[in-house]
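These notes are about the structure you will find just below.
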Amino acid sequence: MSVVWFAGIALIVAVGYAAACYVRPFTACHRCKGTGTAPPRLWDRLRRRITHPRAIHGRPDCRRCAGTGLRLRIGRRTVNYIRRVRRVGR
């Protein structure tokens with residue numbers, strides 16, 4: 001009986017995550033926390049310099065999300081990959 005409950009709960013979670021990937025395919029970038037700017041480097045945080053050129057001119061764009069602050073969810077990336085493989089295989 002517990003295996004059936006576990007399978008049911010796993011199915012509900014999987015369907016819920018698939019629906020979330022369909023409705024909202026993007027999520028906030030974990031590196032910049034959705035701001036789109038690069039996080040401060042360790043040396044800058046240790047020295048806490050305000051007169052640093054990057055502090056005066058602003059921080060550069062986040063490399064992971066290209067400054068958008070958004071990233072594709074893992075589930076959406078998987079769906080896109082499967083679609084691409086099926087399209088090429090036809």
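Read-outs throughout are calculated quantities, based only on the coordinates presented, and are distinct from any laboratory measurement. The structure displayed is predicted, hence computed values, not measured ones. Neighbour counts run over all protein chains shown; Cβ positions are idealised from the backbone, glycine included.
Roughly speaking, what is the stretch gain from ARG63 to ASN80, that is 0.36 nm per residue apart minus the C-alpha to C-alpha distance, in nm to one decimal? It would help to have the intermediate numbers written out before the result.
On the way: separation 17, 0.36 × 17 = 6.12 nm, distance 2.19 nm.
Extending this stretch completely gives an extra 3.9 nm.
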Given H placed on each backbone N at 1.01 Å, which residues far from LEU70 in sequence or on other chains put an amide H within less than 5 Å of it?
CYS29
Sequence ranges 6-13, 77-84, ranked by mean other-Cβ count within 10 angstrom, highest first:
77-84, 6-13
Taking placed amide H atoms and a strict 5 Å upper bound, the residues 5 or more places from THR37 or on another chain that come that close are CYS62
What ³J(HN,Hα) values, in whole Hz, does the Karplus curve 6.51 cos²θ - 1.76 cosθ + 1.60 give for segment 76-85 when θ = phi - 60°, with x put for Gly and Pro?
5, 4, 5, 4, 4, 5, 5, 4, 5, 5
